[in-house]
Amino acid sequence: MSDYQYKFNVQMGYGGCSSAIKEAVEALNGVQNHSISLEEQTISVVVGPFPSYETVLEAIKAKGKNVRSGEADGVTQLV
(Lines give C-alpha, C1' and ligand atoms only; values in the text may rest on other atoms or scores of the structure.)
Protein backbone atom coordinates (compact mmCIF):
# COMPACT_ATOMS: atom_id res chain seq x y z
CA MET A 1 0.00 0.00 0.00
CA SER A 2 1.26 3.42 -0.91
CA ASP A 3 1.11 6.49 1.23
CA TYR A 4 -0.01 9.81 -0.23
CA GLN A 5 0.97 13.27 0.91
CA TYR A 6 -1.34 16.25 0.60
CA LYS A 7 -0.29 19.81 1.30
CA PHE A 8 -2.60 22.80 1.64
CA ASN A 9 -1.98 26.53 1.98
CA VAL A 10 -4.75 27.75 4.29
CA GLN A 11 -5.48 31.20 5.65
CA MET A 12 -5.08 30.93 9.43
CA GLY A 13 -5.02 33.88 11.79
CA TYR A 14 -4.48 32.34 15.22
CA GLY A 15 -4.13 29.08 17.17
CA GLY A 16 -7.88 28.46 17.19
CA CYS A 17 -7.80 28.17 13.40
CA SER A 18 -5.15 25.47 13.50
CA SER A 19 -7.05 23.65 16.27
CA ALA A 20 -10.19 23.55 14.14
CA ILE A 21 -8.25 22.17 11.18
CA LYS A 22 -6.49 19.61 13.39
CA GLU A 23 -9.87 18.42 14.65
CA ALA A 24 -11.22 18.09 11.09
CA VAL A 25 -8.20 16.15 9.81
CA GLU A 26 -7.97 13.83 12.82
CA ALA A 27 -11.64 12.88 12.37
CA LEU A 28 -10.91 11.33 8.96
CA ASN A 29 -10.24 7.58 8.77
CA GLY A 30 -6.93 6.75 7.11
CA VAL A 31 -4.94 9.82 8.18
CA GLN A 32 -1.55 8.51 9.32
CA ASN A 33 0.16 11.78 10.16
CA HIS A 34 -0.34 15.51 9.85
CA SER A 35 1.43 18.75 10.66
CA ILE A 36 0.17 22.31 10.78
CA SER A 37 2.36 25.39 10.54
CA LEU A 38 0.58 28.56 11.59
CA GLU A 39 3.65 30.60 10.63
CA GLU A 40 3.82 29.18 7.09
CA GLN A 41 0.02 28.84 6.77
CA THR A 42 0.41 25.19 5.64
CA ILE A 43 -1.08 21.83 6.48
CA SER A 44 0.59 18.58 5.47
CA VAL A 45 -1.34 15.31 5.67
CA VAL A 46 -0.07 11.76 5.08
CA VAL A 47 -2.72 9.15 4.30
CA GLY A 48 -2.81 5.51 3.20
CA PRO A 49 -4.95 4.60 0.21
CA PHE A 50 -7.68 6.90 1.57
CA PRO A 51 -9.07 9.47 2.29
CA SER A 52 -8.85 11.19 -1.07
CA TYR A 53 -7.40 14.66 -1.60
CA GLU A 54 -10.93 15.96 -2.15
CA THR A 55 -12.16 14.48 1.15
CA VAL A 56 -9.39 16.18 3.13
CA LEU A 57 -9.92 19.45 1.25
CA GLU A 58 -13.66 19.41 1.99
CA ALA A 59 -13.04 18.65 5.69
CA ILE A 60 -10.82 21.74 5.95
CA LYS A 61 -13.30 23.90 4.05
CA ALA A 62 -16.15 22.64 6.25
CA LYS A 63 -14.43 24.39 9.17
CA GLY A 64 -14.87 27.67 7.27
CA LYS A 65 -11.24 27.96 6.23
CA ASN A 66 -10.03 29.66 3.04
CA VAL A 67 -7.83 27.15 1.19
CA ARG A 68 -5.52 29.09 -1.12
CA SER A 69 -3.79 26.17 -2.85
CA GLY A 70 -3.27 22.43 -2.62
CA GLU A 71 -0.99 19.63 -3.76
CA ALA A 72 -1.20 15.86 -3.88
CA ASP A 73 2.20 14.17 -3.98
CA GLY A 74 3.78 17.42 -5.17
CA VAL A 75 1.31 17.98 -8.03
CA THR A 76 -0.86 21.12 -7.88
CA GLN A 77 -4.56 20.36 -7.44
CA LEU A 78 -7.75 22.38 -7.68
CA VAL A 79 -9.13 23.97 -4.51
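The values are calculated or read from the model by the stated rules, or taken from the named source; none is laboratory data. No experiment lies behind these values; they were computed from the predicted model shown. We place every Cβ from the backbone using ideal geometry, glycine too, and count neighbours over all the protein chains shown. What goes into the accessible areas is simple: the full protein's heavy atoms, side chains included, and nothing from ligands, DNA or RNA. Shrake-Rupley method; radii C 1.70, N 1.55, O 1.52, S 1.80 Å.
In the chain the longest region clear of GluC sites (Glu not before Pro) that are loop-assigned by DSSP and have at most 12 other C-beta atoms within 10 Å covers 41-79. In units of the rule-of-thumb radius 2.2 N^0.38 Å, the chain shows an alpha carbon radius of gyration of 0.97. Using heavy atoms of the protein chains and a probe of 1.4 Å, the accessible area assigned to Val31 is about 40 Å². With the helix formula -39500 (n - 2.57) applied to DSSP H stretches of n ≥ 4, the chain reaches a computed 222 nm mean residue ellipticity of -8500 deg cm²/dmol.
With +1 on each Lys and Arg Cβ and -1 on each Asp and Glu Cβ, and nothing else charged, work out how big the dipole of the chain is about its Cα centre, in Debye to the nearest 20.
240 debye
Distances between placed amide hydrogens fall under 5 Å for His34 paired with Val46, all partners being 5 or more residues away or on another chain. Under the criterion of Cα pairs below 8 Å and six or more residues apart, the relative contact order for the stretch 13-79 equals 26 percent. Accessible surface of the chain, 1.4 Å probe: 46 percent of it comes from carbon and sulfur atoms.
How much accessible area per residue does the chain have, in Å², with a 1.4 Å probe?
Accessible surface, normalised per residue, equals 58 Å².
What is the sum of charges, Lys and Arg at +1 and Asp and Glu at -1, for the other residues whose Cβ falls under 15 Å from the Cβ of Thr42?
+1
Would you work out if the stretch 25-67 is rounded, prolate or oblate? Take a ≥ b ≥ c from the square roots of the eigenvalues of the alpha-carbon gyration tensor; rounded if a/c is under 1.5, else prolate when a/b is larger than b/c, oblate otherwise. In terms of gyration-tensor shape, oblate.
Translational diffusion coefficient of the stretch 1-46 (Stokes-Einstein, Kirkwood radius from Cα pairs, 20 °C, 1.002 mPa s): 195 µm²/s.
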